[in-house]
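**Student:** If you scroll down you'll find the structure; I have some questions about it.
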Amino acid sequence: MKSADYQRNKNIEFIRYIAKWVKKQHKSMAEYEQAQSVVDSLISQLGGELTGKLFHAVLQLVKLDIDIACQDLFSDYKLNALPPPKLGSSKLAIFISGVTRSEEDLAKAIGVSKTHFSNSKNDKDGEELFAYEIYALAILFNLKPSQLFEYFYGDGERPVISLLPKPAEGK
């Protein structure tokens, strides 16, 4: 599981990243301050934590590419490997392991608690995944992060995924 420090650091990094982008897009200080005020207001309105919803909304507002932002902000995120099928499993069990995984396996692979993953999946108390957790799911499923963000928070189509473990590097 990622620590609260990681979440807090990514929040701060995201705010700085967006401010830098907004400043780059506006020539005058007055334009920058006005645009930044709109961004700050949206961040405040959405709760301030770097949830997937906030991340998507802010990037849409400032017209910043989701995939680039994810690479810039979350390239340090370390995924855990999905566990292979148990030794001695039948061929059928091995075959369907590519499409059926437990919440616990998925939660461990992206580095979150099973409870948080389950609560987010079931929308319990409005709990949702953080932006870097959605990024981790995208990487795990070999998708562009923008595909998941657009599916969850935009009007994107449901991505086709496979839960087969990614091949080892160099194979």
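**Student:** Only one of these is modelled with pLDDT of 80 or more, under 21 Å from the mean Cα position of the chain (by Cα), closer than 17 Å to Tyr132 by Cα and not in a helix (DSSP H, G or I): Leu79, Leu106, Leu73. Name it.
**Tutor:** It is Leu79.
**Student:** Test each condition in (1) assigned to a helix (DSSP H, G or I); (2) open to solvent by 60 Å² or more (accessible area, probe 1.4 Å); (3) more than 24 Å from Asn11 (Cβ to Cβ); (4) modelled with pLDDT under 80 for Thr100 and report the one that comes out false.
**Tutor:** The number of the failed condition is (1).
**Student:** Out of segment 42-55, which residues are open to solvent by less than 80 Å² (accessible area, probe 1.4 Å) and without any contact (Cβ under 8 Å) to a residue 24 or more places away in the chain?
**Tutor:** If the condition is that a residue be open to solvent by less than 80 Å² (accessible area, probe 1.4 Å) and without any contact (Cβ under 8 Å) to a residue 24 or more places away in the chain, then Leu42, Leu46, Gly47 are the ones that fit.
**Student:** Before we move on, is Phe117 at negative phi and under 14 Å from the mean Cα position of the chain (by Cα)?
**Tutor:** Yes: the conditions hold for Phe117.
**Student:** Could you tell me which residue of segment 20-36 is least open to solvent (accessible area, probe 1.4 Å), considering only residues that are hydrophobic (A, V, I, L, M, F, W, C) and more than 15 Å from Lys63 (Cβ to Cβ)?
**Tutor:** The qualifying residue least open to solvent (accessible area, probe 1.4 Å) is Ala30.
**Student:** Residues to consider are Val39, Val58, Val62; find the one that is of a type in the set (Val, Ile, Thr), under 17 Å from the mean Cα position of the chain (by Cα) and either more than 23 Å from Glu127 (Cβ to Cβ) or open to solvent by less than 20 Å² (accessible area, probe 1.4 Å) (or both).
**Tutor:** Val58
**Student:** Now a separate question. Can you go through Lys124, Lys114 and tell me which one is surrounded by fewer than 16 Cβ atoms within 10 Å (Cβ to Cβ) and modelled with pLDDT of 85 or more?
**Tutor:** Lys114
**Student:** Return the only residue of Tyr32, Tyr17 being among the aromatic types (Phe, Trp, Tyr) and over 18 Å from the mean Cα position of the chain (by Cα).
**Tutor:** Residue meeting the stated conditions: Tyr32.
**Student:** Within the set of pairs 6 or more residues apart or between chains, which connect a residue that is hydroxyl-bearing (Ser, Thr, Tyr) inside segment 16-34 to a residue that is open to solvent by 100 Å² or more (accessible area, probe 1.4 Å) and part of a helix (DSSP H, G or I) with Cβ atoms less than 6 Å apart?
**Tutor:** Close Cβ pairs satisfying both conditions: Tyr32/Lys23.
**Student:** Which one of Leu137, Leu129 is within 14 Å of the chain's Cα centre (by Cα) and either in contact (Cβ under 8 Å) with a residue 60 or more places away in the chain or over 16 Å from Thr51 (Cα atoms) (or both)?
**Tutor:** Testing whether each residue is within 14 Å of the chain's Cα centre (by Cα) and either in contact (Cβ under 8 Å) with a residue 60 or more places away in the chain or over 16 Å from Thr51 (Cα atoms) (or both) leaves just Leu129.
The values are calculated or read from the model by the stated rules, or taken from the named source; none is laboratory data. If you're wondering where the values come from, they're calculated on a predicted model, not measured in any experiment. Note: ideal-geometry Cβ built from the backbone for every residue, glycine included; neighbour counts use all protein chains shown. Note: areas computed on protein heavy atoms with side chains; ligands, DNA, RNA excluded. Shrake-Rupley method; radii C 1.70, N 1.55, O 1.52, S 1.80 Å.
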